[in-house]
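The values are calculated or read from the model by the stated rules, or taken from the named source; none is laboratory data. From a predicted model like this one, the values you see are computed outputs, not experimental measurements. Positions of Cβ are generated from backbone atoms using ideal geometry, with glycine treated the same way; all protein chains shown enter the neighbour counts. Surface accessibility is based on the protein's heavy atoms, side chains included, excluding ligands, DNA and RNA. Shrake-Rupley method; radii C 1.70, N 1.55, O 1.52, S 1.80 Å.
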Amino acid sequence: MKEKLRKSISKDVVSAVKNHLASIVGLRVTELYDLVWNDIEFELIDTILIHTRGNQS
């Protein structure tokens, strides 16, 4: 189950990054990892904390 979920999430992330890059055609993209991470870090942590009802352990 975990492996199937991991593949699904990976595919979703790759798809989202590809769509984003396609939408900014013509612009020079550098430091792609930082661009993606800075854009999703807060939302990712917030979503996980909501799912765990604030449990950080």
**Message:** Filter the range 33-52 down to the residues that are more than 17 Å from ASP12 (Cβ to Cβ) and of a type in the set (A, V, I, L, M) and list them by number.
**Reply:** LEU35, ILE45, LEU49, ILE50
**Asked** If you take the residues of the range 29-46 that are β-branched (Val, Ile, Thr) and either under 22 Å from ASN19 (Cα atoms) or not in a helix (DSSP H, G or I) (or both), which of them is least open to solvent (accessible area, probe 1.4 Å)?
**Response** VAL36
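Can you name every residue in the range 1-18 that is at pLDDT below 85 and of a type outside the set (A, V, I, L, M)? Show your work before the answer.
We begin by selecting, within the range 1-18, every residue at pLDDT below 85; these are 1-8.
Answer for the range 1-18, where residues must be at pLDDT below 85 and of a type outside the set (A, V, I, L, M): LYS2, GLU3, LYS4, ARG6, LYS7, SER8.
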**Asked** How about the range 19-57: which of its residues are at pLDDT 90 or above and of a type in the set (D, E, K, R)?
**Response** GLU41, GLU43, ASP46, ARG53
